[in-house]
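Structure first, commentary second.
What follows draws every value from the coordinates through simple rules; no lab data is involved. These figures come from a predicted structure and were not determined experimentally. As a convention, Cβ positions derive from the backbone with ideal geometry for all residues, glycine included, and neighbour counts pool all protein chains shown.
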Amino acid sequence: MNLPLIIDKTYNNKDYSATELPKAEYDNCTFTNCVFTDCYLTSNSFLECEFIDCNLSNVKAKGVTLKDVSFIHCKMIGFPFNECNSFLLELNFKDCNLSLASFYQLNIKNTNFNSCNLESVDFTQTNLTAASFTNSNLEKAIFENSNLEKVDFTTAKDYTIHPEKNKLKGAKFSENGLFGLLSMYGIKVE
């Protein structure tokens with residue numbers, strides 16, 4: 001299916017929870033203050049796009065292509081990234097609420113999560129090699145059989161990571177964050 005191509009367009013203050021976003025390939029577009037709550041984004045493509053101050057909570061994202069897409073100050077509760085087209089998937093996040101989102105089994109190397117709320121996010125079997133969790137909250141985030149090699153956790157907080165169930169070679173942690181690696185062993189750090 002060939003989608004219409006939309007290039008260099010800016011969308012401001014649109015509510016796509018009421019009127020569906022047209023199926024298209026969006027290239028170098030910017031979405032600002034848009035609402036996508038419970039929206040079907042199925043099969044749309046977003047290439048080199050920015051979402052700023054948008055609400056993308058509980059969207060349906062099966063087959064969505066996200067290549068070099070940035071999300072800035074967005075609410076994305078329950079976003080199913082694991083349903084997106086995994087080919088060329090490239091994402092960056094700044095000051096976003098990604099609670100309950102799923103990155104299950106995705107390859108998202110070098111992804112930046114800057115000042116994000118990642119409570120109860122599923123990173124099971126996710127390749128996060130060289131990702132960064134700068135000033136991000138990882139409370140109850142699930143890391144199991146994940147590749148966390150060279151990941152920067154130095155300013156992340158409230159994570160629990162089982163060293164025996166994840167690849168951690170070269171990962172960076174602050175001294176204050178070591179408890180998140182030891183808590184499952186019942187060790188008391190004082």
- If you scan the range 28-75, which residues turn out to be of a type in the set (Asp, Glu) and under 18 Å from Asp15 (Cβ atoms)? Asp38, Asp53
- When both residues are 6+ apart or on different chains and their Cβ atoms are under 9 Å apart, which pairs have a first residue that lies in the range 137-157 and is among the basic types (Lys, Arg), and a second that is part of a strand (DSSP E or B)? Lys150/Lys172; Lys157/Asn137
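Taking the residues in the range 93-109 that are among the polar types (S, T, N, Q) and assigned to a loop (DSSP other than H, G, I, E, B) as candidates, determine which candidate is farthest from Phe71 (Cα to Cα).
Initially, the range 93-109 is screened for residues among the polar types (S, T, N, Q), giving 97, 99, 102, 105, 107.
After this cut, where a residue has to be assigned to a loop (DSSP other than H, G, I, E, B) as well, the list is 99, 105.
Working: Ser99: 14, Gln105: 21 Å.
This residue is Gln105.
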